[in-house]
Amino acid sequence: ANATLEVINVTLRTTLAATTKLVVPTPAKPILPVQTGVQAQQEEQSSGMTIFFSLLVLAICIILVHLLIKYRLHFLPESVAVVSLGILMGAFIKIIEAQKLANWKEEEMFRPNMFFLLLLPPIIFESGYSLHKGNFFQNIGSITLFSVFGTAISAFIVGGGIYFLGQADVIYKLNMTDSFAFGSLISAVDPVATIAIFNALNVDPVLNMLVFGESILNDAVSIVLTNTAEGLTRENMSDVSGWETFLQALGYFLKMFFGSAALGTLTGLISALISFVNFGDTHHIDLRKTPSLEFGMMIIFAYLPYGLAEGISLSGIMAILFSGIVMSHYTHHNLSPVTQILMQQTLRTVAFMCETCVFAFLGLSIFSFPHKFEMSFVIWCIVLVLFGRAVNIFPLSFLLNFFRDHKITPKMMFIMWFSGLRGAIPYALSLHLGLEPIEKRQLIGTTTIIIVLFTILLLGGGTMPLIRLIDIEDSKARKRNKKDINLSKTEKMGNTIESEHLSELTEEEYEAQYIKRQDLKGFMWFDAKYLNPFFTRRLTQEDLHHGRIQMKTLTNKWYEEVRQGPSGSEDDEQELL
């Protein structure tokens, strides 16, 4: 019996050993260290001071924007004013630190993680959500060509030029992946001041949409290209040929671009269905009757694709952009009127605060960032950026004119080239790069700051005189006096609710407005025929009546509050009416 038991034990040990060799153990997921005690308290104090400093800077910038509106300084774009204020605040803080009166070095330092996690997603989502205006989908082919292929062309020209100039010892030497990473991040355009000028002067709406649409998609493409270059830097590519490296980079880019776009699109379509999907005659979801819950659900879906995409190693910015576009096109029209207004105003306010904070810290970075300045590197980078933008715009516009009914004129091409301003995204990406040694990182950061300020202050400030010089503005705008030009984006947002984005269509109204139109073609026809009827809700007269009751109830409550106020006299009420 003992001998038999021994044989069984030996057999079991042999079997377990063989099985263990076949099964590869899954590595445990590392647990991030949790700070406790004194360390946690110090971290909490540091974070509290950072939040306080950021809110203080934001409050000062809001006061500045208010003063611009109050004293009607409409000729000055708000982004330029906020950057200038940031530079002045940075100089003031530097003087205080030199006198050893305070130390704000940690608080005034721009944190890339905070930018990508908190500030950038609302800006990108609001940009996508606001694309209901104009003719984005009529120009989707042109916008995609400029934003995807044009951005790639610009990145390769800038990155290739920097690499070969470095190899020739003309400028600071960078390797291929670092050069391509810099070319990708500096290709992100942010024509905030240009769009404000376009709206003020009523330029051709097609030109407006081409510049605006390209800038939105371009940001996401630039981030994906930069992440692609970073991925190549992290991997050991010494034993891989140039062709294999290119194929790996292309595969990574396609996975990030189409995977993230598909995820964002799917999330947006789910949000369109969830507000009115039926599970039978008695079970259905209808959040329109409770606008607070409906609004909360929309806020969740606004940020949901970003977190999911980043969690599965895709591009959260690309996902949240496409989610915003889809939610604007389908989901928004399923919402109650109260929630539609709440979404408009909330997204505008949050995006404005995030943009203002980013531009202020961009100005502060002149004094808070440890710089490494090389004149030859900066000059050649500016030349390559302008040349890359030209190779992007002019050949692609010439190619597109073979297929477009509304041609892109040479004047429009020139304005599109001139409006290639750089913003906070290139700066944040430059700080996010893990470049070694540290002087290389400082050189890239310093050069990026100079290019951003050069394009915002010089190109942004010269856009209006250029438009007037080449006579591209609308004839009605040409008759205006310069005093009537209003470049304040905030004042326009606060004074208007976009009625074209407040829509409740019955089945008959939708059929008359879209289905029976003969001028629709391509994606617009397919969307009106199949997608829109499936993902948007056709309202009954009862639904419309309930929506009007919601708005009347909200308005009556507000009016009763006003009447009960200390200054609510009958004369004031009559004057208000």
Scan region 163-191 for residues that are touching a Pro at 6+ places or on another chain (Cβ under 7 Å) and at pLDDT below 90 and jot them down. A188
When you go through (1) under 30 Å from N103 (Cα atoms); (2) in contact with a Ser or Thr (Cβ under 7 Å, 6 or more places away or on another chain); (3) at pLDDT 85 or above one by one for I408, which number turns out not to apply? (1)
A careful count of residues in region 436-475 that are within 21 Å of G388 (Cβ to Cβ) and among the aliphatic types (A, V, I, L, M) gives 12
Picking from G134, G160, the residue that is small (G, A, S), modelled with pLDDT of 85 or more and surrounded by fewer than 22 Cβ atoms within 10 Å (Cβ to Cβ) would be G160
Search result, residues across region 88-106 that are surrounded by fewer than 19 Cβ atoms within 10 Å (Cβ to Cβ) and assigned to a helix (DSSP H, G or I): L88, A91, F92, K94, I95, I96, E97, A98, K105, E106
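In this structure, is L64 of a type outside the set (K, R) and closer than 29 Å to G420 by Cβ?
Details: of a type outside the set (K, R): yes; closer than 29 Å to G420 by Cβ: yes.
In short, yes.
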Condition (residue is of a type outside the set (V, I, T) and within 25 Å of G90 (Cα to Cα)) applied to region 379-390: is it met by at least one residue? no
Could you please give the count of residues in region 52-78 that are in contact (Cβ under 8 Å) with a residue 60 or more places away in the chain, open to solvent by 10 Å² or more (accessible area, probe 1.4 Å), under 20 Å from L453 (Cα atoms) and part of a helix (DSSP H, G or I)? 2
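Tell me the residue from E310, E294 that is in a helix (DSSP H, G or I), more than 16 Å from P121 (Cα to Cα) and of a type outside the set (S, T, N, Q), please.
Details: E310 fails: more than 16 Å from P121 (Cα to Cα).
Step by step, each of E310, E294 is checked, and only E294 is in a helix (DSSP H, G or I), more than 16 Å from P121 (Cα to Cα) and of a type outside the set (S, T, N, Q).
Mind checking whether some residue in region 118-126 is surrounded by fewer than 19 Cβ atoms within 10 Å (Cβ to Cβ) and under 19 Å from the mean Cα position of the chain (by Cα)?
Of the residues in region 118-126, the ones surrounded by fewer than 19 Cβ atoms within 10 Å (Cβ to Cβ) are 118.
Filter again for under 19 Å from the mean Cα position of the chain (by Cα), leaving 118.
Yes: region 118-126 contains one or more residues that are surrounded by fewer than 19 Cβ atoms within 10 Å (Cβ to Cβ) and under 19 Å from the mean Cα position of the chain (by Cα).
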Mind counting the residues in region 160-189 that are part of a loop (DSSP other than H, G, I, E, B) and under 27 Å from the mean Cα position of the chain (by Cα)? 3
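How about region 351-470: which helices (runs of 4 or more DSSP H) wholly inside it have at least 1 residues that are closer than 18 Å to I171 by Cα and open to solvent by 10 Å² or more (accessible area, probe 1.4 Å)? Talk me through it step by step, then tell me what you get.
Numbers: elements: 375-400, 410-418, 424-432, 438-453, 460-470.
Helices (runs of 4 or more DSSP H) meeting the threshold: 375-400, 438-453.
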Say we look at region 307-321 and pick out the residues that are of a type outside the set (S, T, N, Q) and open to solvent by 10 Å² or more (accessible area, probe 1.4 Å); which of these is nearest to I223 (Cα to Cα)? L314
Residues in region 296-303: is at least one surrounded by 24 or more Cβ atoms within 10 Å (Cβ to Cβ), in contact with a Pro (Cβ under 7 Å, 6 or more places away or on another chain), of a type in the set (F, W, Y) and at pLDDT 85 or above? no
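Test F164 against the criterion of being out of contact with any helix residue (DSSP H, G or I) (no Cβ under 8 Å at 6 or more places or on another chain) and under 16 Å from I379 (Cα atoms), and give yes or no.
Numbers: out of contact with any helix residue (DSSP H, G or I) (no Cβ under 8 Å at 6 or more places or on another chain): yes; under 16 Å from I379 (Cα atoms): yes.
Yes: the conditions hold for F164.
The values are calculated or read from the model by the stated rules, or taken from the named source; none is laboratory data. The model shown is predicted, which means the values in this text are computed figures rather than measured ones. Because the Cβ atoms are built from the backbone with ideal geometry, glycine has one as well, and the counts that use them run over all protein chains shown. Calculation scope for accessible area: heavy atoms of the full protein, side chains included, ligands and nucleic acids excluded. Shrake-Rupley method; radii C 1.70, N 1.55, O 1.52, S 1.80 Å.
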